[in-house]
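*Asks:* Once you've had a glance at the structure underneath, I'll fire off some questions.
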Amino acid sequence: MTLNNEKIAVVGLGYVGLPVAVCAAGVFENVIGFDISESRVAELRRGEDRTQEIDADVLRRSSLSFTTSADDLAEATFFIVTVPTPIDAANRPDLTPLRRACELIGSRLRAGALVVFESTVYPGVTEDVCGPLLEQWSGLRCGVDFTLGYSPERINPGDKAHRIDTITKVVSAQDEVSLARVKQVYGAFVTAGLHCAPSIKVAEAAKVIENTQRDLNIALMNELSVIFDRMEIRTRDVLAAAGTKWNFLPFQPGLVGGHCIGVDPYYLTSAAEQLGYNPQVILSGRRINDHMAEFVATKLVKLLSSKGCALPEARVGILGLTFKENVPDLRNSKIPDIVAELRDYGITPLVHDPIVTADEARREYGIELVRDEEIADLDALIVAVAHNSFRAMGPALFGRLRSPGVVLDLKGILDERAAPADIDYWSL
């Protein structure tokens with residue numbers, strides 16, 4: 001199969017799939033983007049991207065075609081699957097979107113096709129789960145009539161420097177011929193180069209530990225912040241001092257949300273438990289990070305109580321709802337956990353986020369967003385997300401509080417020295 005003959009279909013057009021599809025369409029003549037959401041496809045056809053990953057002019061100039069019709073995938077020779085792989089309420093891997101994608105593709109798969117998965121999974125899912133499902137729905141034989149590949153996504157939402165074409169791409173496939181095709185396709189638009197993993201399982205494992213490592217490093221910083229808070233030491237001051245050593249890693253404490261860091265470790269621990277091994281370090285880190293919302297809420301309650309503020313009457317504002325600054329992504333955000341904890345104390349916080357739609361906040365978390373001007377006359381303010389618009393407000397944010405007041409600056413974007421004497425400032 002030559003480059004010119006490949007007909008590429010990208011299944012799933014979210015934060016991962018859309019950038020892949022746009023880059024591929026810049027090189028290949030036949031690229032189709034599929035998504036089950038009619039509203040998502042409609043907006044992309046208009047040149048609009050709610051994820052803000054692709055600029056409108058780039059999207060409008062792209063030759064990429066969009067569809068919600070699965071039958072349009074029947075002519076594809078090279079599939080790239082970028083559907084979500086979430087966890088359920090018990091923190092177990094939820095492969096439902098992946099299984100449905102296999103059913104959708106398998107029903108239209110033809111001989112000679114190659115199916116590459118980018119979704120984060122535990123080692124073995126591509127070959128032991130996806131392969132048999134594709135066989136079942138296609139009637140074809142995996143490894144004979146069609147083959148599999150795995151190339152883990154490394155999209156960092158909101159990051160304009162590290163893009164799909166500028167990040168080294170890990171690629172793998174179940175045989176050498178298929179690997180050559182995978183390299184040929186991705187190599188056509190990934191300028192940073194490719195790393196060929198020796199097996200699909202190795203590539204799957206590499207992906208899942210990338211975010212597990214980050215999760216554990218942040219967990220260490222979070223545990224340190226809890227300890228230093230009891231010692232009445234500013235964690236950021238400690239990290240600034242320790243950071244002067246050349247090999248001290250610059251991790252910071254914070255709320256861990258999003259579709260990767262707070263999710264991927266559970267894929268690895270679930271697989272380990274199936275093999276009879278009980279992970280300790282990884283799950284310990286998860287417990288610490290999942291506890292941080294409670295820690296923040298409890299800290300606020302203690303500070304308000306110390307000022308004699310009646311909790312049910314307290315006006316508490318929260319700036320930010322997304323899991324990350326400058327990204328309109330609510331997946332696994334920990335801000336709703338803070339809201340829930342405060343509600344348990346009888347506090348109904350006012351939440352404002354300028355880059356989130358009110359409908360989405362209501363649908364995902366049952367949170368009614370308020371306007372910026374309503375974040376005023378407060379007893380306490382939590383600066384939860386470091387959006388640029390919040391950074392630009394600077395010391396003026398202290399003016400949103402009445403005296404005496406409390407500010408919890410979770411991302412450290414404010415200068416404590418600018419706080420009025422009657423305002424207590426605290427940060428992670």
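*Asks:* For region 310-336, which residues satisfy the criterion of being open to solvent by 30 Å² or more (accessible area, probe 1.4 Å), at negative phi and part of a loop (DSSP other than H, G, I, E, B)?
*Replies:* A310, R315, F323, K324, E325, R331, K334, listed by residue number.
*Asks:* Quickly run through region 42-65 and pick out the residues that are surrounded by fewer than 18 Cβ atoms within 10 Å (Cβ to Cβ) and touching a strand residue (DSSP E or B) at 6+ places or on another chain (Cβ under 9 Å).
*Replies:* Going through region 42-65, the residues surrounded by fewer than 18 Cβ atoms within 10 Å (Cβ to Cβ) turn out to be 42-43, 45-48, 50, 52, 55-58, 60-61, 63, 65.
Selection gives A42, R45, S63, S65.
*Asks:* Of the residues in region 134-180, how many are polar (S, T, N, Q) and open to solvent by less than 40 Å² (accessible area, probe 1.4 Å)?
*Replies:* The qualifying residues number 5.
*Asks:* When region 66-87 is examined, which residues are found to be open to solvent by less than 50 Å² (accessible area, probe 1.4 Å) and closer than 30 Å to S333 by Cα? Reasoning before the result, please.
*Replies:* Initial filter on region 66-87 (open to solvent by less than 50 Å² (accessible area, probe 1.4 Å)): 66-67, 69-70, 73-74, 76-83, 85-87.
Answer for region 66-87, where residues must be open to solvent by less than 50 Å² (accessible area, probe 1.4 Å) and closer than 30 Å to S333 by Cα: F66, T67, I80, V81, T82, V83, T85, P86, I87.
*Asks:* Within the set of pairs 6 or more residues apart or between chains, which connect a residue that is among the β-branched types (V, I, T) inside region 241-264 to a residue that is in a loop (DSSP other than H, G, I, E, B) with Cβ atoms less than 6 Å apart?
*Replies:* Hits for this filter: V256/G262.
*Asks:* Return the residue satisfying two criteria in turn: it lies in region 89-102 and is out of contact with any Phe, Trp or Tyr (no Cβ under 8 Å at 6 or more places or on another chain) and in contact (Cβ under 8 Å) with a residue 12 or more places away in the chain, and of such residues it is most open to solvent (accessible area, probe 1.4 Å). Step through it out loud before you land on a result.
*Replies:* Of all residues in region 89-102, those out of contact with any Phe, Trp or Tyr (no Cβ under 8 Å at 6 or more places or on another chain) come to 89-90, 94-97, 99-101.
Now drop any that are not in contact (Cβ under 8 Å) with a residue 12 or more places away in the chain, which leaves 95, 97, 99-101.
Values: L95: 17, P97: 40, R99: 115, R100: 160, A101: 7 Å².
Only one residue fits best here, namely R100.
*Asks:* List the number of the failed condition for S389; all other conditions in (1) open to solvent by less than 40 Å² (accessible area, probe 1.4 Å); (2) more than 19 Å from V296 (Cα to Cα) hold.
*Replies:* That leaves (1) as the condition not met.
*Asks:* Is it true that I288 is β-branched (V, I, T), open to solvent by 20 Å² or more (accessible area, probe 1.4 Å), under 18 Å from C260 (Cβ atoms) and in contact with a Ser or Thr (Cβ under 7 Å, 6 or more places away or on another chain)?
*Replies:* Details: β-branched (V, I, T): yes; open to solvent by 20 Å² or more (accessible area, probe 1.4 Å): yes; under 18 Å from C260 (Cβ atoms): yes; in contact with a Ser or Thr (Cβ under 7 Å, 6 or more places away or on another chain): no.
Spelling it out, it is not the case that I288 is β-branched (V, I, T), open to solvent by 20 Å² or more (accessible area, probe 1.4 Å), under 18 Å from C260 (Cβ atoms) and in contact with a Ser or Thr (Cβ under 7 Å, 6 or more places away or on another chain).
*Asks:* State whether the residues of region 26-46 include one that is assigned to a loop (DSSP other than H, G, I, E, B) and among the polar types (S, T, N, Q).
*Replies:* First, the residues of region 26-46 that are assigned to a loop (DSSP other than H, G, I, E, B): 26-30, 35-37, 46.
Then drop every residue that is not among the polar types (S, T, N, Q), which leaves 30, 37.
Yes, region 26-46 contains at least one residue that is assigned to a loop (DSSP other than H, G, I, E, B) and among the polar types (S, T, N, Q).
*Asks:* Continuing with this model, one more query. State whether one or more residues within region 181-202 are more than 27 Å from the chain's Cα centre (by Cα) and not in a loop (DSSP other than H, G, I, E, B).
*Replies:* Yes: region 181-202 contains one or more residues that are more than 27 Å from the chain's Cα centre (by Cα) and not in a loop (DSSP other than H, G, I, E, B).
*Asks:* Would you mind stating whether I105 is part of a helix (DSSP H, G or I), in contact (Cβ under 8 Å) with a residue 40 or more places away in the chain, surrounded by 22 or more Cβ atoms within 10 Å (Cβ to Cβ) and of a type in the set (V, I, T)? Quick ask: steps written out before the conclusion?
*Replies:* Details: part of a helix (DSSP H, G or I): yes; in contact (Cβ under 8 Å) with a residue 40 or more places away in the chain: yes; surrounded by 22 or more Cβ atoms within 10 Å (Cβ to Cβ): yes; of a type in the set (V, I, T): yes.
Yes; evaluated as a whole, the condition is true for this residue.
*Asks:* Scan region 130-145 and report the pairs whose first residue is farther than 10 Å from E103 by Cα and whose second residue is in a helix (DSSP H, G or I) and not acidic (D, E), with Cβ atoms within less than 8 Å and a gap of 6+ or a chain change.
*Replies:* Close Cβ pairs (under 8 Å, with a partner that is in a helix (DSSP H, G or I) and not acidic (D, E)) amount to L140/L134; C142/G131; C142/P132; C142/L134; G143/G131; D145/S138.
*Asks:* Please pick out the residue among I227, I261, I200 that is modelled with pLDDT of 95 or more and crowded, with 17+ Cβ neighbours inside 10 Å. Let's see the steps before the verdict.
*Replies:* Values: I227 fails: crowded, with 17+ Cβ neighbours inside 10 Å; I261 fails: modelled with pLDDT of 95 or more.
Criteria check complete, one pass: I200.
*Asks:* Going by what's in this entry, would A111 be described as at pLDDT below 95 and open to solvent by 10 Å² or more (accessible area, probe 1.4 Å)?
*Replies:* Values: at pLDDT below 95: no; open to solvent by 10 Å² or more (accessible area, probe 1.4 Å): yes.
It is false that A111 is at pLDDT below 95 and open to solvent by 10 Å² or more (accessible area, probe 1.4 Å).
The values are calculated or read from the model by the stated rules, or taken from the named source; none is laboratory data. Remember, it's a predicted structure, so these values are computed and weren't measured experimentally. Because the Cβ atoms are built from the backbone with ideal geometry, glycine has one as well, and the counts that use them run over all protein chains shown. Areas reflect the complete protein model, heavy atoms only, side chains present, ligands, DNA and RNA absent. Shrake-Rupley method; radii C 1.70, N 1.55, O 1.52, S 1.80 Å.
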